[in-house]
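Each remark here refers to the structure printed beneath this line.
Derivation of every value follows stated rules applied to the coordinates shown; laboratory data play no part. Owing to the predicted nature of the structure, the values given are computational and were not obtained by experimental measurement. Neighbour counts are summed over all protein chains in view; Cβ atoms, including those assigned to glycine, are modelled from backbone coordinates with ideal geometry.
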């Protein structure tokens, strides 16, 4: 598998795991990385990322009832240095028992990667939110 394909798989694995409600698996992708919004708090490592997901994402019958659609993926690889960057767009759709299917978030991912022991892994993910919709079924209430 090419480096570009391996990195694309990491980007798409994030979407697959979070939509399945596999917060532990999602957080594991960031065991050697920082994660956060471009203008907000930064989490470091799997434990901090996992705590952030558990605090910020509402679960309905085991999953957040979302579909993260990642598009416009651009990957730049420096094979000699064993580093890479990627940029992509995302749109998050959600449907619950009380919320009709609709987009709830759209934005951009800015990612960095490194090759360690022959495998690619995240070293950074910065999220920029561009559009925010109805989050009442996505974010836990703060009552």
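Helix 45-56 and the long axis of the chain differ in direction by around 20°, with both axes built from C-alpha atoms.
Shape of the range 1-101 from its Cα gyration tensor (a ≥ b ≥ c, root eigenvalues): rounded if a/c is under 1.5, otherwise prolate when a/b > b/c, or oblate? Prolate, since a/c reaches 1.5 and a/b exceeds b/c.
The slack in the chain from residue 106 to residue 42, taken as 0.36 nm per residue of separation less the alpha-carbon distance, amounts to 21.1 nm.
Considering only DSSP beta bridges with both partners in the range 1-134, what is the antiparallel share in %, to the nearest 5? Antiparallel bridges: around 90 percent, rounded to the nearest 5. The calculated FRET efficiency for residue 58 paired with residue 85, based on their beta-carbon distance and R0 = 30 Å, is about 0.40. Between residue 116 and residue 131, the contour length at 0.36 nm per residue exceeds the alpha carbon distance by 1.9 nm.
Helix 3-19 axis versus longest C-alpha principal axis of the chain: approximately 20°, rounded to the nearest ten. Stretching residue 139 away from residue 20 to a fully extended chain increases their span by 41.2 nm, per 0.36 nm per residue minus the current alpha-carbon distance.
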